[in-house]
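Please read the structure below before turning to the comments.
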C-alpha cells in the first residue's frame with residue numbers, strides 16, 4: 001500500500017472520529033414524559049434555544065407517554081441504556097435513590113439556584129438531606145363545579161363540607177344531572193378516595209407507620225362514597241370511569257362537581273369554552289380537616305451519566321423563569337419558581353388562586369418504597385366497595401393488612 | 001457416518017437462532033425468578049422458589065390463572081365455531097365473494113390495540129355508541145355500564161377476542177377447503193348425500209388437520225393476548241378481568257416485583273409448552289391411526 005493511500009485512509013478515519021466525538025461527548029439524552037400534545041413541541045423549542053446558546057452540546061429526547069414511562073425506565077435501567085436525565089414521578093424517586101441510580105445534585109446547586117424554588121415543591125425531591133431531583137411539574141387538586149347546574153338546582157355557593165356536598169348532589173340529581181363525579185378506574189382511583197379520608201383526619205400512614213386504612217376515619221370516608229354511589233348521587237358505572245372519563249362528563253355539562261387538577265381549566269378553555277364553571281376548595285370534614293393531593297414530577301440525573309456537566313447546564317436553563325413560565329402555562333401546572341409565581345398570569349387567575357390557596361393542606365404521596373403497590377391495593381379495595389362486591393369494613397381491613405405487609409417488608 | 005451428522009449440521013443455524021431468541025431470554029427469566037431482585041432487575045441473593053410460592057399464595061394470581069383458561073377456551077372455541085361456517089360460505093362461488101372476503105379479513109388489518117381502543121369508546125356508559133344504538137332500537141331503557149363490572153366487561157372482551165381471531169382462523173380454513181377436491185362432493189351428491197352428510201363425512205374429516213393447526217396457533221396467541229383486556233379494563237375493576245399477561249404487566253411495571261413477574265412468565269411458558277406438546281402428540285397419533 002502506498003503512503004498516499006495510507007494518509008487518505010488515516011485522514012478519513014480521523015475525520016470520522018472527529019465527527020463522531022463531539023456528538024458523543026456533548027450529547028445530553030433526556031427522557032421526557034408527554035403531559036399533553038404541547039410537551040413535545042415545547043421541548044423541541046428548548047433544544048433549539050439551548051443548542052444555539054451552548055454550541056457543542058446537543059440534546060436528544062425520548063418523549064414517552066406517562067402510562068409507559070415507568071416501564072421504559074425499568075427496562076432501560078436494567079439494560080444500562082438509560083438517558084442522562086429523565087422526568088419521573090417524584091413518588092418513584094425513593095426507589096431510584098435506594099437502588100443508587102439517581103445522582104445527588106447538591107454539588108451543582110448554588111444557593112441562588114435553590115432560591116428560585118418554592119419550598120413546598122422542592123422538598124419532596126429532597127431525601128436524607130440530598131436533593132435528587134428538581135420539580136419539573138407541580139400540581140394540586142381542587143373542586144370544579146358547574147355554575148349553570150348549581151344555579152338551576154338553586155345552590156348559592158360551592159359546598160364547604162362533605163355533608164353540604166351530599167345535599168347539593170341531591171339537588172343536582174333532582175334536575176337530571178349527575179351530582180358528584182367519582183373516579184373509580186385506573187391511575188389515582190385511590191387518591192380520589194383520600195380526599196374524603198383526609199377530611200376525616202385520617203392520613204395514609206398512621207403515626208406509627210402502619211396503614212391508615214383500618215382507622216374509623218377511613219371507614220367513614222368509604223361509607224360516604226359508597227352511600228353516594230348507592231343513592232345515585234354520582235355518575236353511573238363509577239368503576240368504568242377513569243379521570244379523563246369523569247372530566248369529559250364535566251366538560252359535557254353532565255356532572256355538577258368533581259375534584260381534579262388545574263389542567264382541566266386549560267382543556268375547558270379549548271374544548272368547551274362556553275361551560276360556566278368555578279373552582280373551589282375540597283370540602284372539609286366534620287372537624288374542619290381537609291386535604292388536597294399535591295404532586296410533583298422531578299427531573300433527575302442518572303448516576304451513570306457520562307455528561308453530567310452538560311446535563312446540569314440544561315437543567316439550569318430549564319429552571320429559568322422564562323422557560324418555567326412557558327412550560328407551566330402551556331401544560332396547566334402550578335408555578336414552582338418564586339419569580340414565576342409573581343407573574344400577572346398567575347396572580348390574576350381565579351382558578352389557579354383556588355389551587356394555590358389549598359397548598360397548605362396539600363399532602364404528597366408518602367415517601368416509602370412500595371408506594372405504588374399500596375396505591376394499587378387501595379384502588380382495588382375502593383373498586384370492590386363501589387361495586388358492592390365487598391363490605392367497606394371487610395375491603396378496608398383486607399387492604400390494610402396487605403398494605404401493612406408491604407410496609408413491613410422494607 | 002457423514003449422513004448421520006448432516007441433519008444436525010443443517011439444523012444448527014436455526015437452532016442457534018432459536019437459542020438466541022428463545023433460550024437466552026428463558027434462561028434470564030429463570031435467573032430473575034429464582035433471585036431476590038430490585039425493581040430495576042438487578043439480581044440480589046438467590047431465593048430458590050420463594051417467588052413461585054408467593055405467587056401461588058396470591059389469590060389474584062390463582063384467579064387470573066383460571067380466568068386465562070376460561071378466556072382461551074371461550075375465544076378459541078368461539079372463533080373456531082364461527083370460522084368454519086364463514087369459511088365454507090366464503091369458499092362457495094357467489095357474486096361479490098371478493099368483497100365479502102375483504103370484509104371478513106378487515107379486523108385483522110387493524111392493530112389489536114386500536115380495535116380495543118375503539119371498543120372502549122363504543123362501550124362507554126354515557127357516550128358510547130353501543131348504548132345509544134341499543135337505546136334507539138328500543139332494546140334498553142337505560143344505559144348499561146359495560147365496563148363497570150366483570151359480569152358485562154369480560155363477556156364483551158371475549159366477544160371482541162372472537163371477532164379479531166376469526167379472520168386468521170378463516171384464512172386457515174379457506175386454505176383447507178380449497179384443498180378438498182370438488183369431485184368428492186359431486187360423487188357424494190350423486191349417491192344422494194345431504195349437505196349435512198357431506199359436511200360430516202367429507203368436509204369435517206378433511207379439514208381436521210387444519211382445525212388442529214388453528215387450535216394450537218390460536219391458543220398460543222389468545223393465551224398471551226394483552227391489548228384487548230389491558231386497554232378496556234386494565235384487568236379491573238379490582239382485578240376481576242385480569243388474565244395472566246395483564247397480571248404480569250402490573251406486577252412487573254406497576255409494582256416493580258420483577259421476580260414474581262418472571263415467575264408468572266415462566267408458568268405461562270410451561271403451560272403453553274405442555275399444552276402444545278400434548279396436543280400435537282394427540283393430533284398426530286390420530287392422523288396416523
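Every number in this text was worked out from the coordinates using simple rules, so none of it is lab data. Note that the coordinates shown come from a computational prediction; the quantities given were computed from them, not determined experimentally.
Overview of results
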| read-out | value |
| --- | --- |
| In degrees, nearest ten, helix A:162-174 long axis to first principal axis of chain A (Cα) | 80 degrees |
| For chain A: relative contact order, % (alpha-carbon pairs under 8 angstrom, 6 or more apart) | 24 percent |
| For the protein assembly as shown, convex hull of alpha carbons as volume per residue, Å³ | 258 Å³ |
| Between helix A:371-387 and chain A: long-axis angle, C-alpha atoms, 0 to 90°, nearest 10 | 30 degrees |
| Length-normalised contact order for chain B - Cα pairs under 8 Å, 6+ apart - percent | 29 percent |
| DSSP bridge pairs, chain A: antiparallel proportion in percent, nearest 5 | 60 percent |
| Helix-only [θ]222 nm of chain A, DSSP H runs n ≥ 4, -39500 (n - 2.57) each, per residue, nearest 500 | -15000 deg cm²/dmol |
| In degrees, nearest ten, helix A:308-318 long axis to first principal axis of chain A (Cα) | 50 degrees |
| GNM result for chain A, Cα springs below 10 Å: residue of A:194, A:108, A:145 fluctuating most strongly | A:108 |
| Part-to-part distance (alpha-carbon centres) for region B:69-94 and region B:103-172, which is given in Å | 18 Å |
| Chain A: proportion of alpha-carbon pairs further apart than 39 angstrom, % | 25 percent |
| For chain B, built as a Gaussian network whose Cα springs stay under 10 Å, the top-fluctuating residue of B:33, B:14, B:262 | B:14 |
| Distance from region A:337-351 to region B:1-62 (C-alpha centre basis), Å | 56 Å |
| Residue among B:108, B:66, B:27 with the largest mean-square fluctuation in a Gaussian network model of chain B, springs linking Cα atoms under 10 Å | B:27 |
| Helix-derived mean residue ellipticity, 222 nm - over chain B, DSSP H n ≥ 4, -39500 (n - 2.57), to 500 | -23000 deg cm²/dmol |
